[in-house]
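The values are calculated or read from the model by the stated rules, or taken from the named source; none is laboratory data. All values reported here derive from a predicted model rather than from experimental measurement. Here Cβ is always computed from backbone atoms with ideal geometry, including for glycine, and neighbour counts include all displayed protein chains.
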């Protein structure tokens, strides 16, 4: 997922390389008849220094998932939860959600 999003940003000349784009991922696991299964996935993207191109990043964020093989696979499996992304500003302080 991060590769698809990063590639979409790079295609628009937004630098997502060298650790500028990162992801925090948390899965919620439950027991289904004694078998552990992933029920929900929570995803947070972190991108340094995007204030000047925030509108472009937000637009890419809105549309990239439909082109992402992993996201579409998880959606087909009907995992619950919505990906939430956060952006870091130039000083690497959390600036809010995308």
Of the residues in segment 1-39 that are over 14 Å from the mean Cα position of the chain (by Cα) and closer than 14 Å to residue 74 by Cβ, the one that is modelled with the highest pLDDT is 28
Residue 64 passes all but one of the listed conditions (1) in a helix (DSSP H, G or I); (2) touching a helix residue (DSSP H, G or I) at 6+ places or on another chain (Cβ under 6 Å); (3) modelled with pLDDT of 90 or more; the exception is number (3)
Residues in segment 5-52 that are surrounded by fewer than 15 Cβ atoms within 10 Å (Cβ to Cβ), closer than 20 Å to residue 63 by Cβ and touching a helix residue (DSSP H, G or I) at 6+ places or on another chain (Cβ under 8 Å) total 1
